[in-house]
Amino acid sequence: MLSTVAAVFAAVRTAAAAEETQQIRGALARAAELIAKEPSASLLPALALRPSTPDPAIIGAHAAIVAAAMARDIEVSERTVAEIVESTLLVPLGRYWLARKSGLDLDVFRALPEPSEARVPALSAGARLCADQVSQTIAVTAFEAGWLARSTALGPLYAGRREALPRSYLVATARAFAEGCSTTEVGARVSAHEVLKGLSGDAVYASWVSVLARVVGQFPVGSAVVLEDGSWAVVAGPPAYQPERPPVRRVTDDKGRALSPPPLWDLGKDASLPKVTHALEPGLCRFNVARAIFPHSAPPGPSAG
């Protein structure tokens, strides 16, 4: 799984840095194919790979993995899953182009000037706009999802005369979740559980949050949580049945002593094991979440501290 995730990160970075439309399409198609051919359950643990500073490639890959899982949850065809994944990866590309043209370092400045941000949805969609119907659908979905994310600043999509495609809301929700889970400033970290709750109160995303919660869990993969016995753990996958009983990697015992390597407990398969009570406050989470989930592997990309 980690090799697939690393290949996805590489393809997304290639698309972000590319100047030629054909190169962008090839890189996006490669990333979409890698995600679409893997079962979502095997890719969702990659959400734990959260770098100490925001990495647009990792955020983009996380959003695409979540979008694929949401699409499968509503039982669309695998062809549609691939299209949705490609749209999700396409959404931020316009920001990269505009940043390069203006000499703006997005590692330093998280947002473009407002007039430039308004151009992002159309520029992103333009990279995939071709004569065939599939390309048009992918491009329109990316455009609509990009606009929905900026609707507070840009106003209603199509001036309120037409509704967005359902899949555009799905893509926008997946992107919002991935972006919300990324570190926004030095020393700041928001738990995935808090991001999920926040999206439920936003009119743009509210209708899709139930689908999102089903696929990532009430306590999403990568969440640091507290168990009933007082021990700490990291959610290692979505729950099969009860939301408070996902598979976890237990990182401390009930006395607070570190466990190395952290044992895997599938709380849904053994009722005698303590269930999750609440998310650990982000400020208390001073261990490497990714290393807890992948104790025997080197996670791809930057350090996910």
Per DSSP H run of at least 4 residues, take -39500 (n - 2.57); add these up for the chain, divide by its residues and hand me the 222 nm value, nearest 500 deg cm²/dmol.
-> -15000 deg cm²/dmol
Compute the acute angle (0 to 90°) between the alpha-carbon long axis of helix 2-17 and the principal axis of greatest extent of the alpha-carbon atoms of the chain; round to the nearest 10°.
-> 30
For the range 34-107, just say rounded, prolate or oblate: build the C-alpha gyration tensor, square-root its eigenvalues into a ≥ b ≥ c, call rounded for a/c under 1.5, and beyond that prolate if a/b exceeds b/c, oblate if not.
-> oblate
Alpha carbon Rg of the chain, scaled by the compact-globule rule 2.2 N^0.38 Å | 0.98
Quick one: among 219, 177, 287, which has the greatest mean-square fluctuation in a GNM of the chain with alpha-carbon springs under 10 angstrom?
-> 287
Considering the chain as a Gaussian network with a 10 Å cut-off on Cα pairs, which listed residue, 277, 141, 88, attains the greatest mean-square fluctuation?
-> 277
Taking the chain as a Gaussian network, where each spring joins two C-alpha atoms under 10 Å apart, which residue of 161, 100, 286 fluctuates the most?
-> 161
Counting Lys and Arg as +1 and Asp and Glu as -1, each charge on the Cβ, what is the dipole of the chain about the Cα centre in debye, to the nearest 20?
-> 180
Please work out how much length the chain gains when fully extended from residue 7 to residue 281, using 0.36 nm per residue of separation minus the C-alpha to C-alpha distance, in nm with one decimal.
-> 95.4 nm
Scoring the range 172-242 by relative contact order with C-alpha pairs under 8 Å, at least six apart, yields a percentage of 24
Taking the Cα centre of the range 192-305 as origin, sum charge times position over the Cβ atoms of Lys and Arg (+1) and Asp and Glu (-1), and report the length of that vector in debye to the nearest 20.
-> 220
Most exposed first, judged by fewest Cβ atoms within 10 angstrom, 245, 162, 50 run 162, 245, 50
Report the FRET efficiency, 1/(1 + (r/R0)^6), for residue 114 and residue 19, where r is their Cβ-Cβ distance and R0 is 22 Å, rounded to 0.05.
-> 0.30
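None of the figures in this text is laboratory data; all of them are computed from the coordinates on show. Nothing here was measured: the structure is a model prediction, and the numbers come from that model. For neighbour counting, all protein chains shown are included, and Cβ atoms are generated from backbone atoms with ideal geometry for every residue, glycine included.
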